[in-house]
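First the structure, in the form of structure tokens, and then the observations on it.
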Amino acid sequence: MIACATNNLSSLEVDWSRTDVGHPDGWPVTLRVAADLMLNSPLPTLVMWGRQQVMLLNGAYTALSGLPTQPPGGRIPAMQPSAWSWNPGALEQAWQGESLAFPGQALQMWRADGVSEQRFDLYYTPLRDGDGAVLGVLCTLAPPSAAAAPAASRALKMLVVEDNLDAQYLVCEMLRAIGHEVDAVADGERALQYIDEHEYDVLFTDVSLPGISGVEAARRAVALRPGLHVIFASGYSGTLTQQLEFPADAIQKPYDIEQLQAILERIPRT
């Protein structure tokens, strides 16, 4: 479903009173034009405005993503949509003034029934003022024109160690949604029992755990299963991996599924 109530509207016809961008009378021309393009586009479209990352979106994007935020948005989101979060480096290039296109890009889209992977041609366009300074970024999601990338040869078998049960449930559901086999425990001692009894490709563990730390649990796990690939969830990802005597990856909290999936895709399948 692409049609939406905000299509065929101009920015002056929308109530912006509860948003972070204020009334259109005070907008620069760049924002007025970008908002009009977004509202009238039949394609899912987003605008990130300002380095504060205020997000505007149209009805087509809302229908696609299942976001609770209703168009035109206009607030700083608690968690960025996957169209922004899948590749922070690409977004930064757009902020530096580059127009970018990513054909056939897979995005993880949240829906009421879970996470689904969908492919789009993504277009990022810098929004400039009269002096050429980039004030925002417009992103359009179009039906894919390129063939989908081949699927991985097999799913990974993973053990997730996370003592926050809400966070544990969320990451496990995301990992299962993208095709991996997942078990989960809440502490390092239980994790070592699982690793002793089962074969896993990946140990994905929080660093701070009740009892033994995630680092110590991983150290013992690698001793039990030398081929095990370790990924830490940490507030200090770069520093952590430099201090270990065994190979590991780390992802900094808060992380998103695209960052984790990028690490998983580098793990050899046998």
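Laid out as a table, the results:
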quantity	calculated
Answer from Asp187, Asp206, Asp166, Asp201 - the residue that is more than 26 Å from Ala83 (Cα to Cα) and free of Cβ contacts under 8 Å to residues at least 40 places away in the same chain	Asp187
Number of the exception - Pro144 against (1) open to solvent by less than 70 Å² (accessible area, probe 1.4 Å); (2) touching a Phe, Trp or Tyr at 6+ places or on another chain (Cβ under 9 Å); (3) modelled with pLDDT of 90 or more	(3)
Positions within segment 181-209 being open to solvent by 40 Å² or more (accessible area, probe 1.4 Å) and more than 28 Å from the chain's Cα centre (by Cα), in sequence order	Glu189, Arg190, Gln193, Tyr194, Asp196, Glu197, His198, Glu199
Segments classed as strands (runs of 3 or more DSSP E), wholly inside segment 37-116, with at least 3 members that are within 17 Å of the chain's Cα centre (by Cα) and surrounded by fewer than 20 Cβ atoms within 10 Å (Cβ to Cβ)	100-111
Meets criteria (modelled with pLDDT of 85 or more and either surrounded by fewer than 16 Cβ atoms within 10 Å (Cβ to Cβ) or in a strand (DSSP E or B) (or both)) for Val222	no
Within segment 147-169, considering residues that are open to solvent by 70 Å² or more (accessible area, probe 1.4 Å) and at pLDDT below 80, the one farthest from Leu100 (Cα to Cα)	Arg154
Any hit, segment 61-80, residues being among the basic types (Lys, Arg) and at pLDDT below 80	no
Selection within segment 233-270 - in a helix (DSSP H, G or I) and either touching an Asp or Glu at 6+ places or on another chain (Cβ under 8 Å) or modelled with pLDDT of 80 or more (or both)	Thr241, Gln259, Leu260, Gln261, Ala262, Ile263, Leu264, Glu265
Verdict on Ile178 being buried (at least 17 other Cβ atoms within 10 Å of the Cβ), touching a helix residue (DSSP H, G or I) at 6+ places or on another chain (Cβ under 7 Å), modelled with pLDDT under 90 and among the aliphatic types (A, V, I, L, M)	yes
Yes/no for Ile212 being free of Cβ contacts under 8 Å to residues at least 60 places away in the same chain and surrounded by 19 or more Cβ atoms within 10 Å (Cβ to Cβ)	no
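The values are calculated or read from the model by the stated rules, or taken from the named source; none is laboratory data. If you're wondering where the values come from, they're calculated on a predicted model, not measured in any experiment. Using ideal geometry, Cβ is built from the backbone for each residue, glycine included, and neighbour counts are taken over all protein chains shown. Just the protein is used for accessible areas: all its heavy atoms, side chains included, with ligands, DNA and RNA removed. Shrake-Rupley method; radii C 1.70, N 1.55, O 1.52, S 1.80 Å.
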